[in-house]
1. Which of the numbered conditions does Ala281 fail, given that it passes all the others? Conditions: (1) more than 18 Å from Gly345 (Cα to Cα); (2) open to solvent by 30 Å² or more (accessible area, probe 1.4 Å).
2. Hey, can you tell me all the residues within segment 473-508 that are away from the ligand (no atom under 16 Å from the Cβ) and aromatic (Phe, Trp, Tyr)?
3. Considering only residues that are touching a Pro at 6+ places or on another chain (Cβ under 8 Å) and charged (D, E, K, R), which ones fall in segment 539-553?
4. Collect the residues in segment 476-489 that are over 24 Å from Pro537 (Cα atoms), out of contact with any strand residue (DSSP E or B) (no Cβ under 6 Å at 6 or more places or on another chain) and surrounded by fewer than 21 Cβ atoms within 10 Å (Cβ to Cβ), keeping them in residue-number order.
5. Can you spot a residue in segment 72-81 that is in contact (Cβ under 8 Å) with a residue 24 or more places away in the chain, crowded, with 16+ Cβ neighbours inside 10 Å, among the polar types (S, T, N, Q) and assigned to a strand (DSSP E or B)?
6. Name the single residue, out of those in segment 550-592 being touching a Lys or Arg at 6+ places or on another chain (Cβ under 6 Å) and among the charged types (D, E, K, R), that is farthest from the ligand (Cβ to nearest atom).
7. So Leu155 passes all but one of these: (1) assigned to a loop (DSSP other than H, G, I, E, B); (2) crowded, with 23+ Cβ neighbours inside 10 Å; (3) modelled with pLDDT under 95. Which condition number does it fail?
8. Condition first: hydroxyl-bearing (Ser, Thr, Tyr) and either closer than 22 Å to Val362 by Cβ or open to solvent by 20 Å² or more (accessible area, probe 1.4 Å) (or both). Now tell me which residues in segment 293-307 satisfy that.
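The values are calculated or read from the model by the stated rules, or taken from the named source; none is laboratory data. Predicted, not measured: the structure shown is a model, and the values here were computed from it. Every residue, glycine among them, receives a Cβ derived from its backbone with ideal geometry; neighbour counts consider all protein chains shown. These accessible areas exclude ligands, DNA and RNA; they are computed on the full protein's heavy atoms, side chains included. Shrake-Rupley method; radii C 1.70, N 1.55, O 1.52, S 1.80 Å.
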Amino acid sequence: MCGIFGYVGRCEDAPQRILEGLKKLEYRGYDSWGIAVRLNGNAAIERHVGKIGLASTMLPASEIGLGHTRWATHGAVTEENAHPHLDCSGRLAVIHNGIVENHQALRRELLARGHLFHSQTDTEVIAHLLEDELRAAAGEADHLAQALICAFRKLDGLNALAVLDIASHRLAAAKTGSPLVLGWASEASYLASDPSALLEHTRRLTFLEDNQVAVLSEGGVQVFDATLGERLDPRIWDITWQPELADLAGYEHFMAKEIHEQPRVIHQIAAGWGAHAEQLAELMREARGTYMVGCGTAAHAALAAQYAFSRIAARHVNFANGSEFAYLEHFLNEHSLVIALSQSGETIDVLDSIRAAKKRGVTVGALVNVEGSSLYRLADYPVLLGAGPERCVLATKSFTAKLAILLLTAYAFDHRLEEGREVVQRAADEIQHFLSDGRAELMRQIAEQLYQREHLYIIGRGPSYPLALEAALKIKEVSYIHAEGFAGGELKHGVIALIEPGTPCLVIAPKDETYTAILSGAMEVKARGGFIIGLSPEPDEVFDIHVPLADVGEGAMLVNALPPQILAYHLALLRGCDPDKPRNLAKSVTVK
Ligand code: F6R
């Protein structure tokens with residue numbers, strides 16, 4: 001959600017570094033932004049509502065500062081509520097990601113002690129709390145760390161925060177829940193809410209754990225345990241990601257770029273992920289039961305896995321949305337395996353699920369795209385997707401990467417890894433052809449026919465049912481058209497009441513055992529006036545438009561993901577929406 005970036009070092013271009021860092025975090029979703037730097041012993045601040053994209057900063061040269069992109073929770077989207085927020089003395093500038101759940105009580109106490117507030121945010125209480133704690137800790141060794149520890153202990157909820165302390169020329173940070181990463185560089189230190197913002201400056205990163213506090217100076221980073229108050233020896237990771245993969249590479253939007261990266265990512269998985277698939281399959285064999293968990297698109301991948309394992313390996317896997325897991329985890333024990341799916345590795349509902357599962361002694365596997373993320377570190381067996389940075393808020397290549405690994409794992413479970421490889425490779429080839437042989441253009445033309453519609457339905461059966469859910473999610477979140485995915489067989493149990501003359505309906509009809517039944521469903525929709533777009537290897541008279549797809553067997557779930565992604569992209573463009581940054585959405589959902 002909110003983006004955090006901080007710098008302290010020898011160079012005087014802190015405002016520009018921070019601005020560029022915040023631009024790298026734009027994809028997380030935000031509605032206002034701000035920067036504070038130290039200038040002649042005071043804080044110089046700018047705050048703005050709106051996008052940072054082409055903005056420049058007017059702040060003067062400085063060697064230390066921090067900045068923030070805000071996704072509003074407490075207080076409207078205004079300049080006053082944009083971060084950073086100052087304490088009464090002007091010594092401290094605070095930025096924050098999360099929700100201070102007891103902010104009202106704290107605000108009342110602080111007001112009673114004479115503090116003055118200038119915003120409606122929960123964040124501002126942190127600045128005033130820390131102001132009091134610093135006064136109390138004056139003269140102590142590590143006084144900034146100790147004061148922050150005391151202030152931090154008073155906050156309820158999941159919070160990541162960073163502070164610019166003008167007086168000591170240091171930055172400080174603390175966290176529970178939301179991620180914070182510290183960067184080690186020569187004569188400089190950095191902090192950010194996401195490693196991708198740091199990679200151009202340094203690959204030497206420390207991931208702050210929950211209930212830890214850090215103090216940053218140009219000489220390096222100190223980390224403290226906020227519970228015990230003791231100094232720790234921080235682990236430093238050398239991150240291997242290539243930062244240049246995170247640019248547009250000639251595409252107009254990250255969404256288009258990431259859609260086009262799918263054949264390469266899937267081929268790479270088919271060729272190189274065999275050992276991971278064998279390992280996950282072995283964990284599943286050893287476990288008495290396997291549970292998949294994820295949110296949003298990742299949940300659709302988990303549901304698709306349920307079908308894939310049943311069909312390919314005759315193995316049942318349980319499935320829950322991350323936000324529902326807590327109500328369904330009571331039967332887990334030390335013989336269970338939970339596999340968490342997450343692009344970011346920071347989705348709070350997934351992390352909470354895994355923490356709850358670990359308390360029950362469960363073994364945890366993970367399919368995760370971000371090396372070093374919280375999920376990556378929590379899991380006993382993390383498998384990286386290798387999809388490269390996904391900058392568009394919508395998940396595309398991370399979805400098909402998860403599906404590809406899960407398909408391979410299902411085949412590995414059934415001792416048919418080589419066959420799985422061929423299936424996944426054929427699917428990757430078909431995706432490549434679709435993107436280059438004119439069918440992507442067909443999807444654009446379909447978008448032209450549909451972009452003014454209010455409602456759109458997608459049906460699929462069996463393994464195509466999660467694909468229908470995913471297609472609907474892609475379309476609604478980026479074009480704001482109301483789209484719903486259904487299991488084809490459920491139509492006559494209620495949904496068909498929604499069909500009116502002209503209602504568009506996408507029908508996912510691969511040549512598997514669902515084929516005849518899904519065409520019957522399409523007939524029922526057509527008989528009520530529906531406009532049928534069929535995604536299928538074969539034409540059929542029920543289709544008003546046929547989108548031809550090669551028959552790739554079990555790889556169909558990979559191939560069927562693609563046309564709706566392209567359709568969603570063009571619907572967004574035709575409706576004047578920004579495909580990379582849909583309204584109200586954040587790339588990484590770190591609050592509950
Ligand atoms: C949809 C989308 C979201 C994410 C969900 C989980 O396009 O991107 O539904 O899939 O927020 O995010 P991760 O995978 O980072 O846990």
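1. (2)
2. Residue satisfying the conditions is Phe486 alone.
3. Asp551
4. So in segment 476-489, the residues over 24 Å from Pro537 (Cα atoms) come out as 476-482.
Now narrow it down to the ones that are out of contact with any strand residue (DSSP E or B) (no Cβ under 6 Å at 6 or more places or on another chain): 477-480.
Of everything in segment 476-489, just one residue is over 24 Å from Pro537 (Cα atoms), out of contact with any strand residue (DSSP E or B) (no Cβ under 6 Å at 6 or more places or on another chain) and surrounded by fewer than 21 Cβ atoms within 10 Å (Cβ to Cβ), namely Tyr480.
5. Looking through segment 72-81, none of the residues is in contact (Cβ under 8 Å) with a residue 24 or more places away in the chain, crowded, with 16+ Cβ neighbours inside 10 Å, among the polar types (S, T, N, Q) and assigned to a strand (DSSP E or B).
6. Asp551
7. (3)
8. We begin by selecting, within segment 293-307, every residue hydroxyl-bearing (Ser, Thr, Tyr); these are 297, 307.
Of everything in segment 293-307, just one residue is hydroxyl-bearing (Ser, Thr, Tyr) and either closer than 22 Å to Val362 by Cβ or open to solvent by 20 Å² or more (accessible area, probe 1.4 Å) (or both), namely Tyr307.
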